[in-house]
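Participant: So that we are looking at the same thing, I have put the structure below in structure tokens.
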Amino acid sequence: MCLGVPGRVVEVTRSELGIVTGKVEFGGIVKDVNLSYTPEVERGQYVVVHVGFSISTLDEQEARRVFDYLEEIGELEQLASPEGGP
Amino acid sequence: MKYVDEYREPEAARKLVAAIHATATTTHRVMEVCGGQTHTLIRYGIDELLEGAVELIHGPGCPVCVTPLEKIDRALAIAACPGVTLASFGDMLRVPGSRGDLLAAKARGADVRVVYSPTDALALAETHPDRQVVFFAVGFETTAPANAMAVWLAARKNVTNFSILTSHVRVPPAIRAIMDDPDSRVQGFIAPGHVCSIMGYREYEELAREYRVPFVVAGFEPLDLLDGLLALVRLLEDHEADTRNRYGRSVRRDGNTEARKIMDEVFEISDMTWRGIGPIPASGLRLTARYAAFDAERRFCVENVRASEPSACIAGAVLQGKRKPHDCAAFGGACTPEHPLGAPMVSTEGACAAYFAFRKVEG
């Protein structure tokens, strides 16, 4: 139910009542999405979409955090192994 | 797909699993509240990979599963009214009420539709002014802003043939109920990433302080959950009842303020009964007085049918994390996704459906 799918914003339209709509691409499939809850979003940015609404704009720097951490683990593994590691 | 595929990378997952095992000195009992997270954990066998380090207790975070029987019966009764079109998300149509489900009502001639978004239901009302369109609005805080927007727009556009039947639930009071239960075995929580994308995580910081248990906000892909579980195991090992956000790409501390603004205008907090669990104070949302005209329960006076759940079904204990789906005698036999006895076997996010899909052999 709380499924949220990340997609790339390809079109933004600002209309009456302050409603922002647009088109979002999910791996080649383009869907109409209500972007009113991420009103500042621009073309090319990624949003998480839930039941036809964007619920957040994806933060690219934060998205890398787990991989930065994994790199640290990798370096530690190498340090722990005097042979240079597997 | 960007932001999906890289979070499913097996080698990275292996490293995180190893790090969790290296960190845990005992088996930590942790609950993932959200059904979407349960699905990922079972689908990828993460629960089995972490055996000995983490015992995963599945929480009640499946709105379809906890929607009270009485609401489904009400939806069935409204759908049977002349001139009514009843719309909802697909899963909702297959949840058994006490006299069948909404799909069966459709087969009997009721106009029941599946919609992808609540605004699709509003569009149906606009294009069919001769019909009364009722949207069966279920969901956690993630879905509430979308449902609120449909009502907000209906009011602005003066769409008078649109209303909603609400069955909204809130996560923090459910966590409170779980922790207040003297039988609770939960030592830490994975907080639901998309609920927190809307609400932020200040409520979970309060819960962590109050109940002295750690919370980690996590996403929905295998690496998100493993990374979140590693952070949680570290907090548990250090006896720190703190809150961490490991889904920072989507979650900010204050959540989505734009979404919360409309949600707070359209909905207010109310008491709510959860199917299989019972009444939980302040755990629901209902329309505010300003939007009461869009309340389907006011618009359609239908009888209130009281019925009991099938006795073989242990959905209540499963939803509270006290039993696992395969502990149920009906699991996979009398109860399957094709012929469900209880709601957790219907929804793709229900724990029973996840175990049925990925653990059939053992079950």
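Any read-out appearing in this document is the output of simple, stated calculations on the displayed coordinates, not a laboratory observation. Predicted model only: the values in this text are computed from it and were never measured. So basically every Cβ, Gly included, is an ideal-geometry build from the backbone, and we count neighbours across all protein chains shown.
Participant: So, in chain B, how many Lys pairs have Cα atoms under 24 Å apart, if the pair is 8 or more places apart or on different chains?
Facilitator: Values: B:K2/B:K15; B:K71/B:K106; B:K157/B:K261; B:K322/B:K360; B:K324/B:K360.
Final tally of qualifying lysine pairs is 5.
Participant: Which value, in debye to the nearest 20, gives the size of the charge dipole of chain B about its Cα centre, when Lys and Arg are +1 and Asp and Glu are -1 at the Cβ? Present the calculation step by step, with values, prior to reporting the outcome.
Facilitator: On the way: 41 positive and 46 negative charges, 141 e Å.
Using Cβ point charges on Lys, Arg, Asp and Glu, chain B gives about 680 debye.
Participant: What distance in nm lies between label points placed 7 Å from Cα along the C-beta direction at B:T25 and B:R290?
Facilitator: Once both label points are built, they end up 5.4 nm from each other.
Participant: In which sequence would A:S54, A:S36 go, from the one with the fewest C-beta neighbours within 10 Å to the one with the most?
Facilitator: The most exposed by this proxy come first: A:S36, A:S54.
Participant: Sticking with this structure for a sec: Can you pull out the cysteines in the protein assembly as shown that have no other Cys Cβ under 4.7 Å?
Facilitator: A:C2, B:C34, B:C81, B:C196, B:C301, B:C313, B:C328, B:C335, B:C352
Participant: Now for a separate question. Between Rg and the Kirkwood Rh of the stretch A:5-80, both from Cα atoms, what is the Rg to Rh ratio? Don't skip to the end; give the middle numbers.
Facilitator: Values: Rg = 16.8 Å, Rh = 13.8 Å.
Rg/Rh for the stretch A:5-80 comes to 1.21.
Participant: Between A:E16 and A:E75, what length in nm is gained on full extension when 0.36 nm per residue of separation is reduced by their alpha carbon distance? Walk me through the numbers on the way to the answer.
Facilitator: Working: separation 59, 0.36 × 59 = 21.24 nm, distance 5.36 nm.
Length gained between A:E16 and A:E75: 15.9 nm.
Participant: Related question: If amide H atoms are built 1.01 Å from N in the plane of the peptide, which residues on other chains or at least 5 residues away come under 5 Å of the amide H of B:V115?
Facilitator: Under 5 Å from the amide H of B:V115: B:S88, B:F89, B:G90.
Participant: Provide B:L50, B:L232 in ascending order of the number of other Cβ atoms located within 10 Å of each residue's Cβ, fewest first.
Facilitator: On the way: B:L50 24, B:L232 27.
Exposure proxy ranking, most exposed first: B:L50, B:L232.
Participant: Give me the percent of DSSP beta bridges within the stretch B:42-193 that run antiparallel, rounded to the nearest 5. If you can, show how the numbers build up before the last one.
Facilitator: Values: 1 of 17 bridges.
That works out to approximately 5 percent antiparallel.
Participant: Moving on to the next point. Between the stretch A:29-62 and the stretch B:239-281, what's the alpha-carbon centroid distance in Å?
Facilitator: 20
Participant: If you take the beta carbon distance between B:E48 and B:A107 as r and set R0 to 51 Å, what does 1/(1 + (r/R0)^6) give as a FRET efficiency, to the nearest 0.05?
Facilitator: Numbers: r = 40 Å, r/R0 = 0.78.
Rounded to the nearest 0.05, the efficiency is 0.80.
Participant: Computed FRET efficiency, Cβ-Cβ of B:H239 and A:Q61, R0 35 Å: what is it to the nearest 0.05?
Facilitator: On the way: r = 31 Å, r/R0 = 0.88.
About 0.70, to the nearest 0.05.
Participant: Pull up the DSSP beta bridges for chain B and report the antiparallel fraction as a percent, rounded to 5. Please list the in-between numbers first.
Facilitator: On the way: 10 of 44 bridges.
Around 25 percent of the beta bridges assigned by DSSP in chain B are antiparallel ones.
Participant: So who's got an amide H within less than 5 Å of the one on A:E11, skipping anything under 5 residues away but keeping other chains? H placed 1.01 Å off N, in plane.
Facilitator: Under 5 Å from the amide H of A:E11: A:K23.
Participant: Give me the inter-chain shielding for B:246-256: mean count of other chain Cβ atoms within 10 Å, whole number please.
Facilitator: Values: counts 4, 6, 8, 14, 12, 5, 4, 0, 0, 2, 7.
Average per residue, whole number: 6.
Participant: Right, something else. First measure r as the distance between the Cβ atoms of B:S98 and B:H128, then evaluate 1/(1 + (r/R0)^6) with R0 = 35 Å and state the FRET efficiency to the nearest 0.05. Please report the intermediate quantities before stating the final value.
Facilitator: Numbers: r = 29 Å, r/R0 = 0.84.
So the FRET efficiency works out to roughly 0.75.
Participant: Count, for each residue of A:61-68, the Cβ atoms from other chains sitting within 10 Å of its Cβ, then give me the mean as a whole number. Write out the running numbers ahead of the final one.
Facilitator: Values: counts 2, 8, 9, 3, 5, 16, 6, 0.
Averaged over the peptide's residues, the number is 6.
Participant: If you average the C-alpha positions of the stretch B:1-72 and of the stretch B:133-147 separately, how far apart do those two centres end up, in angstrom?
Facilitator: If we compute the Cα centre of each part, the gap is 25 Å.
Participant: Something else now. What would the Debye formula give as log10 I(q)/I(0) at q = 0.22 Å⁻¹ for the alpha-carbon point model of the stretch B:18-88, no solvent?
Facilitator: Evaluating at q = 0.22 Å⁻¹ gives log10 I(q)/I(0) of -0.94.
Participant: Still on this model: Just name one of A:Q45, A:G28, A:P6: the one whose Cα is farthest towards the positive end of the charge dipole of the stretch A:5-80 (beta-carbon charges, Lys/Arg +1, Asp/Glu -1).
Facilitator: Projecting each Cα onto the dipole axis, the largest value belongs to A:G28.
Participant: How large is log10 of I(q)/I(0) for chain B at q = 0.08, 0.12 Å⁻¹ when the intensity is taken from the Debye formula with one equal scatterer per alpha-carbon?
Facilitator: Taking Cα atoms of chain B as identical point scatterers yields -0.39, -0.89.
Participant: Let me ask something additional. Could you tell me which helices of chain B pass both thresholds, a Cα extent of 18 Å or more along their own axis and a mean Kyte-Doolittle hydropathy of at least 1.0, with helices taken as whole DSSP H runs? Display every interim value, and only then the final one.
Facilitator: Values: long enough: B:10-23 (20 Å, 0.29); B:144-157 (19 Å, 0.45); B:222-237 (22 Å, 1.21).
Span-like helices in chain B: B:222-237.
Participant: Give me A:V10, B:V302, B:V95 sorted ascending by neighbouring Cβ count inside 10 Å, so fewest comes first. Before the final figure, lay out the partial values.
Facilitator: Details: A:V10 12, B:V302 16, B:V95 27.
Neighbour counts put them in this order, fewest first: A:V10, B:V302, B:V95.
Participant: Still on this structure, I have one more. Calculate the mean, over all residues of peptide B:138-150, of how many other protein chain Cβ atoms lie within 10 angstrom of the residue's Cβ.
Facilitator: Neighbouring Cβ atoms belonging to other protein chains average 4 per residue here.
Participant: Contact order normalised by length for chain B, with contacts defined as Cα pairs under 8 Å and 6 or more residues apart; what percent is it?
Facilitator: Working: 719 pairs, mean separation 80.4, N = 363.
Over chain B, the number comes to 22 percent.
Participant: Using the Karplus equation 6.51 cos²θ - 1.76 cosθ + 1.60 (θ = phi - 60°), what ³J(HN,Hα) coupling, rounded to whole Hz, does each residue of the stretch A:23-36 give in order, writing x for Gly and Pro?
Facilitator: Coupling constants for the stretch A:23-36: 10, 10, 9, 10, x, x, 9, 9, 10, 6, 9, 7, 9, 4 Hz.
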